[in-house]
Every structure is written in structure tokens, then in C-alpha cells.
Amino acid sequence: MMRLQRRIWRRFAKSTRGIAAVEFAMVAPVLSVLFLASLDGGRAIAVYMKVRAASYTLAAISNQYPVISDATMSQIFTATTDVLAPYPTASLGLTVSGIAIDATGRATVNWSSTQGGAAMAVPSTVTVPASLDIPNTFLVLSSVSYQYTPLFGFFGSGTAINLSDYLHVAPRSTPSITRTSP
């Protein structure tokens with residue numbers, strides 16, 4: 001009986017017929033994790049590109065108006081929200097602010113409107129890029145934030161990733177933009 005067991009064990013040790021299946025069983029979980037992580041990473045990059053496009057859209061539409069009312073601001077926010085389609089917009093934060101730069105180069109918030117975000121305090125001081133810090137000018141600051149939740153949670157146990165972008169632009173047709181209520 002002992003000889004038979006040794007002979008079977010030797011045959012088993014010399015056999016190479018199942019090696020491919022064993023190697024596949026060892027590599028398949030790693031490849032699956034890499035595949036799912038690349039799907040999450042790709043979606044996160046796609047959403048971030050949408051956030052950047054939304055920031056540009058918010059600034060590009062806002063800087064066209066000499067006067068922005070509540071109704072107009074609502075339409076601007078709706079148009080900007082549409083940029084994020086087909087992704088859910090429940091965690092989307094949009095803020096657009098008018099920044100006045102006085103004769104001394106001090107930039108302060110003139111007005112600020114938000115949807116799902118935090119409006120900037122009027123008349124708080126803000127820092128603008130040095131190339132845009134021109135005395136007696138006006139800028140529009142658009143800011144977009146989005147919380148992306150990965151499908152498979154490979155970027156930190158299923159917690160949301162905060163994506164954001166902002167853009168400073170000058171008004172197109174007037175020296176400054178006024179924000180009014182209807």
C-alpha cells in the first residue's frame with residue numbers, strides 16, 4: 001500500500017497537465033482587481049473632465065451678461081448642470097462670483113451666487129493670479145465641485161473623491177457685471 005501511495009505521489013509531482021489552470025487561478029484575482037480599478041480610474045478621469053468643462057461653461061455663460069438676475073442665474077446653473085450628463089448631479093456644487101479689483105490692486109468679492117456649494121462672503125478679499133491682478137478691473141470666478149463615488153471602491157474603501165476646478169475670466173461686453181434680484 002505504501003509503495004502505491006509513493007508511486008501516485010511521484011506521478012503527481014512529475015505531472016504538468018494542470019499547471020496552466022493553477023497559474024490562471026493565481027493570476028485571475030489580480031487581473032480582476034486591476035481591471036475593476038482601471039474602470040473606476042477611467043470613470044473618475046471622465047467625470048473630472050466634465051467638471052472642468054462645467055467650470056468653463058459656468059464662466060463662459062456668466063461673463064456674457066452685463067446684469068444677472070436670479071432667473072438668469074438659475075438658467076446659467078441649469079445649463080452648467082447639463083454638462084455633467086450622464087453622471088448624477090446630486091453632489092454637484094456650482095459657485096460664480098464677481099471679483100472687483102480696486103485701484104490699489106486689492107481684489108474683493110462684489111457678489112456671489114451658488115447652487116449646491118458655498119457662496120463667497122461679500123466683501124471678502126480674494127487672491128487672484130498675478131497675471132490677472134490688474135487695478136480697476138473686474139473678473140468672474142467660476143468654481144465647480146463634485147464628489148465622485150467609485151463603483152468598486154478601489155480608491156479608498158468606497159469613500160467619495162472630491163473633484164473641483166475653478167476659472168477666472170473677464171467680462172466680455174462690459175467693464176463689470178452687476179448681480180440683481182428680480
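The values are calculated or read from the model by the stated rules, or taken from the named source; none is laboratory data. None of the values given here were measured: they were computed from a predicted structure. FYI the Cβ positions are ideal-geometry reconstructions off the backbone, even for glycines, and counts take in every protein chain you see. What goes into the accessible areas is simple: the full protein's heavy atoms, side chains included, and nothing from ligands, DNA or RNA. Shrake-Rupley method; radii C 1.70, N 1.55, O 1.52, S 1.80 Å.
Looking only at residues in the range 90-135 that are among the polar types (S, T, N, Q) and surrounded by fewer than 17 Cβ atoms within 10 Å (Cβ to Cβ), which one is farthest from L58 (Cα to Cα)?
Pass one, the range 90-135, residues among the polar types (S, T, N, Q): 91, 95, 97, 104, 108, 110, 112-115, 124-125, 127, 131.
In the following step, the residues that additionally are surrounded by fewer than 17 Cβ atoms within 10 Å (Cβ to Cβ) were identified as 91, 104, 108, 114, 124-125, 127, 131.
Working: S91: 17, T104: 28, T108: 20, T114: 11, S124: 21, T125: 22, T127: 20, S131: 21 Å.
Restricting to residues being among the polar types (S, T, N, Q) and surrounded by fewer than 17 Cβ atoms within 10 Å (Cβ to Cβ), the top hit is T104.
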### Query
Any idea how many residues of the range 1-59 are open to solvent by 100 Å² or more (accessible area, probe 1.4 Å) and in contact with a Ser or Thr (Cβ under 7 Å, 6 or more places away or on another chain)?
0
### Task
Specify which of the listed residues (S113, S143, S131) is out of contact with any Cys (no Cβ under 9 Å at 6 or more places or on another chain), more than 24 Å from T72 (Cβ to Cβ) and either touching a residue at least 12 places away in the same chain (Cβ under 8 Å) or not in a loop (DSSP other than H, G, I, E, B) (or both).
S131
### Query
How do the pairs read when you match residues in the range 165-178 that are under 18 Å from S143 (Cα atoms) with residues anywhere that are part of a loop (DSSP other than H, G, I, E, B) and open to solvent by 40 Å² or more (accessible area, probe 1.4 Å), using Cβ under 7 Å and keeping only pairs 6 or more apart or on different chains?
H168/P129; I177/Y65; I177/P66
### Task
List the helices (runs of 4 or more DSSP H) that sit entirely inside the range 1-87 and contain at least 2 residues that are in contact (Cβ under 8 Å) with a residue 12 or more places away in the chain and either within 26 Å of the chain's Cα centre (by Cα) or at positive phi (or both).
19-62, 70-82
